[in-house]
Amino acid sequence: MVDYRTQGQIAILEVNNPPVNALSIHVRKGLDDGISRAVRDPSVKAVIVIGKGRTFSSGADIKEFNKPQEGPRLTMVGKKLEESDKPVVAAIHGTCLGGGLEIALFCHYRIAVKSARVGFPEVLLGILPGAAGTQRLPRVTDVAVAMEMISTGKHVPAPKALEYGILDKIVQGDLLEEAVKFAKSVMGKPVQPCRLSDQPVKGADRLVQVFDAAMRQVKQRQRGFMAPVVCLKAVRSAAELPYNEGLLRENTLFTELMSSSQCAALRYAFFAERAAQRWQLPSGASAANTKPVPVKSTGVIGAGTMGQGIAICLLRVDYPVILVEQNQKLLDKGVEMIQLAFKDAVRRKLMTEDAMRHCMSNISPTVDMQQLANVDLVIEAVYENVALKQDIFRKLDVICKPSAVLCTNTSTISIDIIASATKRPGSVVGTHFFAPAHIMRLLENVYSKDTSAQAVATVMDLGKKIGKVSVLVKTCHGFVANRMFHHQGQEAALMLEEGALPEHIDKVMEDFGMSIGPMKVSDLSGVDIGWRIRHEVAKMEGVELTSQTRFFRGERYCTLPDKLYELGRLGRKTGKGWYRYEKPGGRVAMVDDEVTNLIKKHSAEMGIERRGISTQEIQERILYPAINEGFRILEEGVAAKPEDIDVIWWYGFSFPRYMGGPMFHASQVGLSKVYERICYYHQNFPYSSHWVPSDLLRKLASAPSPVPISQWMSYSQSKL
Ligand SMILES: CC(C)(COP(=O)(O)OP(=O)(O)OC[C@H]1O[C@@H](n2cnc3c(N)ncnc32)[C@H](O)[C@@H]1OP(=O)(O)O)[C@@H](O)C(=O)NCCC(=O)NCCSC(=O)/C=C/CCCCCCCCCCCCC(=O)O
């Protein structure tokens, strides 16, 4: 795990723990033994710590977190490195994160290659750098920089780290050779001035202002999230306490965070997100055994909001895009909007003018679908209408080359239905982007009964290339995201007619931790989207939805969202929806009397006596139908595992990651309690099928002891 060798008078400790040199017990032990050996050996005059493979170190081994700690502690290993009278040089490449950076800060010198990145991402796991990181970083760099780095977890590129004083030198060429040269240059020099524990905190005179400003920012940006707040307190203690007392304080705060439910949720999230990438089809084909189709050219059909966003995603990573619209006016408008989005990115210094020009030169706008004949992959992004989508796929089937992957950005329509319009259903796959497509990280990829493993591999790979988090699900109406979210929308509307108001529901859910409440989400995505979907389904079933409709498909139906739509209140884009906005496209949601009156009038017309609805009821009626649906989705194999559902909720609906996602949240509340409340609502609201308890949930709730989330799926086929 740590290879020890000498080169002349220099001892080299090479960490060798693939894939990312996590500091597991054997690595800590290896470093501990290595530094002791180097200190003991009179022929050794300097020591280098370096990482083998792709990276210096990704930090503590997260898999060891919930186990009793064995072997030497990181702080003890670090202390030995620092106390060595022989200079110790950390030679950094790849990433130097968390405990890895703590080790580097215990060394007397740090050199790195230009492409290296350093950082303290512990906060993203709900903890703080608990091996002296909060005490040592503000001693090597300014306290403001330390607070920013530790409370956000952002990686810092090597040139910036040099500027901050975290690194002593950036080297070019072979890292080990450069490290040897560097070690020779410092050999024999006293190490005492390089021991950070003896240094004062930098910028301590501005501590109070820096701390207050950082705290304000953290509370504003990360409401309800404990770790950043505690991180700031720990760094503050570095400036207020002597080094050793600061360490004790850091340890107390670390232990507090480590045992929190937020830390448990974030650890789960770390592995869940990676597990989602290891997709597998029922046929056994998987990420491990399937190669994607090479994609060099792409097409996007539809230059509306979604098409523009998707085109931007592709253009940003250098894919040429043939953008197709039905007429020149819509096409010109779409291209203009894409250009505006790039200009905005340039204005915000997210890209250069040159990069923007390059991206724009890669678009080929056309009204002629025949231009798609040679593309490797095409994404249809027209509005949600079965006949229209089928018509497009019928044409694509004729136009596109046989190897092309044909994707649809439908958000609800079964891929089986769309693929059936072609003679090559194996090439058809769903790529469900979330609005705004160039900003939201989630890509819900959807396979049909016929989709080939190669088509799946291609869209999963595409997701990675365009910087999305992809989750693979099986087709059904609404897939995972909208199928679960739909029930939230239904239940929110029903609560409105019973006595709640939009601002009331949103406040409860925002206090719960959602970045915006469900009514604001509806305004953001567009009131017309839900309207179109409901009316499309009704049309397919030969039903007409009117303002008098009380039941639809045997379910209690609330017409309030339809009434809002009919008033032209389509959400942010029209400047009014469930709220009023400062302008069309505005962001500031204001309570609108017109909506309050509409809701109250609606209740009266329906003969419903309005009542106060408690916080608990709002939370449960928003979350539990989605959770219940999540269990049905698992039962049906639409999602392969609960982790996939939670990933969808973090990235698609900004569900607070530190609460782990709806399925993890259910496991924290206790499945028997969740089941009991769902049964209670089912009794009270028998005409809402989303309250019929899922069978899988029932089985898990009645297990003699809580079933760990990793074992839920083993109950899906059981006969209990
Ligand atoms: C940027 C990365 C490093 C690499 O990214 P990428 O190239 O995309 O690769 P990935 O797919 O992400 O990762 C590849 C596989 O490696 C696994 N992995 C990655 N990092 C770790 C890790 N740190 N531990 C375990 N496993 C890891 C990953 O799961 C992949 O596996 P698989 O292929 O899916 O199977 C990126 O991976 C990344 O960002 N990693 C995380 C970096 C991070 O968060 N680092 C901080 C870790 S926390 C830390 O360092 C804390 C230190 C302080 C105190 C230490 C206390 C130890 C806890 C014991 C508890 C007892 C308390 C006693 C206190 C004391 O000791 O003082």
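Quick look at the values:
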| item | result |
| --- | --- |
| Rg to Rh quotient for segment 272-384, alpha carbon positions, Kirkwood Rh | 1.06 |
| Segment 1-89: relative contact order in percent, alpha carbon pairs under 8 Å with at least 6 residues between | 35 percent |
| Percent carbon-and-sulfur accessible area, segment 45-174, ignoring ligands, DNA and RNA, probe 1.4 Å | 53 percent |
| For segment 484-613, convex hull of alpha carbons as volume per residue, Å³ | 106 Å³ |
| Isotropic mean projected area of the C-alpha convex hull, segment 201-251 (nm²) | 3.5 nm² |
| Amide H contacts of residue 12 (H built 1.01 Å from N, under 5 Å, at least 5 apart or other chain) | 5, 6, 7, 48 |
| 337, 606, ranked by accessible area, largest first (probe 1.4 Å) | 337, 606 |
| C-alpha center-to-center spacing [segment 24-40, segment 278-322] in angstrom | 46 Å |
| Cα centroid separation, segment 472-529 to segment 332-353 (Å) | 31 Å |
| Under DSSP loop assignment and at most 14 Cβ neighbours within 10 Å, longest GluC sites (Glu not before Pro)-free interval of the chain | 71-540 |
| Relative compactness, segment 426-530, computed as alpha-carbon Rg over 2.2 N^0.38 Å | 1.28 |
| Kirkwood Rh and Cα Rg combined as Rg over Rh, evaluated for segment 137-223 | 1.08 |
| Partners for residue 465 among aspartates and glutamates (Cα-Cα distance below 13 Å; same-chain residues under 8 apart left out) | 318 |
| Most positive-pole-ward Cα, 323, 188, 382, against dipole of the chain from beta carbon charges | 188 |
| Protection-proxy order for peptides 124-131, 28-35, 260-267, each taking the mean of Cβ atoms within 10 Å per residue, highest first | 124-131, 28-35, 260-267 |
| Nearest-10 value in Å² for the accessible area of residue 580, using the 1.4 Å probe | 100 Å² |
| Pairs beyond 28 Å (Cα-Cα), from 449/641; 181/464; 520/600; 52/80; 474/539; 333/468 | 181/464 |
| Residue-normalised accessible area of segment 621-720, expressed per residue, 1.4 Å probe, Å² | 38 Å² |
| Antiparallel DSSP beta bridges within segment 1-75, percent to nearest 5 | 45 percent |
| Ellipsoid equivalent to segment 599-720 - semi-axes via the Cα gyration tensor, in Å | 28, 17, 13 |
| Mean residue ellipticity (222 nm) of the chain, computed from DSSP H runs ≥ 4 via -39,500 (n - 2.57), nearest 500 | -14500 deg cm²/dmol |
| Nearest-10 value in Å² for the accessible area of residue 6, using the 1.4 Å probe | 70 Å² |
| Dipole moment magnitude, nearest 20 debye, the chain about Cα centre, only Lys, Arg, Asp, Glu C-beta charged | 1140 debye |
| Whole-number percent relative contact order across segment 72-165, with pairs defined as alpha carbons under 8 Å at least 6 apart | 27 percent |
| Assigned charges on the beta-carbon of Lys, Arg, Asp, Glu; segment 393-545 dipole about Cα centre (debye) | 1100 debye |
| Heavy-atom SASA rank of 564, 247 (probe 1.4 Å, accessible area, largest first) | 247, 564 |
| Span from the segment 118-151 Cα centroid across to the segment 585-653 one, whole angstrom | 38 Å |
| Reference-scaled alpha-carbon Rg (2.2 N^0.38 Å with N residues) for segment 207-329 | 1.77 |
| Cβ-based charge dipole, segment 529-601, positive-most Cα from 542, 584, 570 | 584 |
| Listed peptides 547-554, 315-322, 299-306 by packing density, highest first (mean Cβ within 10 Å) | 299-306, 315-322, 547-554 |
| By accessible area with a 1.4 Å probe, ligands and nucleic acids excluded, highest first: order of 174, 397 | 174, 397 |
| Gyration tensor (alpha-carbon) shape descriptor, the chain, a/c threshold 1.5 | prolate |
| Length-normalised contact order for the chain - Cα pairs under 8 Å, 6+ apart - percent | 8 percent |
| Restraint check, 86/184; 202/349; 395/423, Cα-Cα greater than 19 Å | 202/349 |
| Dipole magnitude of segment 599-705 about its Cα centre (Cβ charges: Lys, Arg +1; Asp, Glu -1), debye to nearest 20 | 340 debye |
| Net charge, residue 701 excluded, C-beta distance under 13 Å - Lys, Arg +1, Asp, Glu -1 | +2 |
| Residue (of 437, 97, 147) at the positive-pole extreme of the chain, dipole from beta-carbon charges | 97 |
| Share, in percent, of DSSP beta bridges within the chain that are antiparallel, nearest 5 | 25 percent |
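The values are calculated or read from the model by the stated rules, or taken from the named source; none is laboratory data. Because the structure is predicted, anything quoted here is derived from the model rather than measured. Positions of Cβ are backbone-derived with ideal geometry, glycine not excepted, and every protein chain shown enters the neighbour counts. These area figures cover heavy atoms from the full protein model, side chains too; ligands, DNA and RNA do not enter into them. Shrake-Rupley method; radii C 1.70, N 1.55, O 1.52, S 1.80 Å.
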